[in-house]
Amino acid sequence: MLTLHTGSDGTAVAVDGERIAAVGPAAELESAYPRARVRRWDGVVAPGALHQGALPDAPSARERVYALLRSGATAAQPAAFTDPELRAAAHRNGLAVDGRTPVLAVGSRADLAVRAPDGSCLATVLGGRLVHRRA
């Protein structure tokens, strides 16, 4: 199913499965994809962040990876995942550990974050799946 993630700035990203189908003005994408599920966010839809450095402390590998997702990170440096439990948790969640900076480009993997005006993360999408949403 195609999903449109629209930001309060009037831009949108169309996600088809795990890939980006289109990026542009929300009104244009809503017209181009009238049957798409629309998620309207009170923030700006942007590429996910590349986390650099050590992972946040948490009681478990799963929680350490989720701390990255809460921050809007959709990718991290491979050096942070030498521990097999951390690598497994990252893999299960779909976190990219190749050290590449995510981009919003047609055909690329749908890894994005929605940022509030204060820069905090409202939502994180990995491979087209909503994996974090702030209440």
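On the given criteria, is Gly128 in contact with an Asp or Glu (Cβ under 7 Å, 6 or more places away or on another chain) and surrounded by 19 or more Cβ atoms within 10 Å (Cβ to Cβ)?
Numbers: in contact with an Asp or Glu (Cβ under 7 Å, 6 or more places away or on another chain): yes; surrounded by 19 or more Cβ atoms within 10 Å (Cβ to Cβ): yes.
Yes: the conditions hold for Gly128.
Among the numbered conditions (1) buried (at least 19 other Cβ atoms within 10 Å of the Cβ); (2) over 15 Å from Pro102 (Cβ atoms); (3) not small (Gly, Ala, Ser), the only one that His51 does not meet is (2). Between Ala105, Ala58, the distinction of being surrounded by fewer than 14 Cβ atoms within 10 Å (Cβ to Cβ) and closer than 25 Å to Arg39 by Cβ belongs to Ala105 only.
Scan the stretch 65-87 and tell me whether some residue there is outside any helix (DSSP H, G or I), touching a Lys or Arg at 6+ places or on another chain (Cβ under 7 Å) and either open to solvent by 40 Å² or more (accessible area, probe 1.4 Å) or more than 22 Å from His5 (Cα to Cα) (or both).
no
Of the residues making up the stretch 88-128, just one is without any contact (Cβ under 8 Å) to a residue 60 or more places away in the chain, charged (D, E, K, R) and within 23 Å of Thr3 (Cα to Cα), namely Arg92.
Is one or more of the residues making up the stretch 109-116 at pLDDT 95 or above, over 13 Å from Leu69 (Cα atoms) and assigned to a loop (DSSP other than H, G, I, E, B)?
The answer is yes, given that some residue of the stretch 109-116 is at pLDDT 95 or above, over 13 Å from Leu69 (Cα atoms) and assigned to a loop (DSSP other than H, G, I, E, B).
Residue-by-condition table, conditions (1) loosely packed, with under 15 Cβ neighbours inside 10 Å; (2) under 16 Å from the mean Cα position of the chain (by Cα):
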residue: Thr3; (1), (2): no, yes
residue: Asp9; (1), (2): yes, no
residue: Val15; (1), (2): no, yes
residue: Ala21; (1), (2): no, yes
residue: Pro25; (1), (2): yes, no
residue: Leu29; (1), (2): no, no
residue: Arg35; (1), (2): yes, no
residue: Arg39; (1), (2): no, yes
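If you check Gly99 against the conditions, is it farther than 16 Å from Val131 by Cβ and either modelled with pLDDT under 95 or exposed (fewer than 15 other Cβ atoms within 10 Å of the Cβ) (or both)? Yes; evaluated as a whole, the condition is true for this residue.
When Ala116 is tested against the conditions (1) open to solvent by less than 10 Å² (accessible area, probe 1.4 Å); (2) under 17 Å from the mean Cα position of the chain (by Cα), the lone failure is (1).
Pairs are defined by a Cβ separation below 8 Å, a sequence spacing of at least 6 or placement on different chains, a first member in the stretch 8-26 that is among the basic types (Lys, Arg), and a second member that is assigned to a strand (DSSP E or B) and open to solvent by 10 Å² or more (accessible area, probe 1.4 Å); the pairs so defined are Arg19/Arg109.
The values are calculated or read from the model by the stated rules, or taken from the named source; none is laboratory data. Only a predicted model underlies this, so the values are computations on that prediction, with no experimental measurement involved. Positions of Cβ are backbone-derived with ideal geometry, glycine not excepted, and every protein chain shown enters the neighbour counts. Keep in mind that these areas ignore ligands, DNA and RNA; they rest on the heavy atoms of the full protein, side chains included. Shrake-Rupley method; radii C 1.70, N 1.55, O 1.52, S 1.80 Å.
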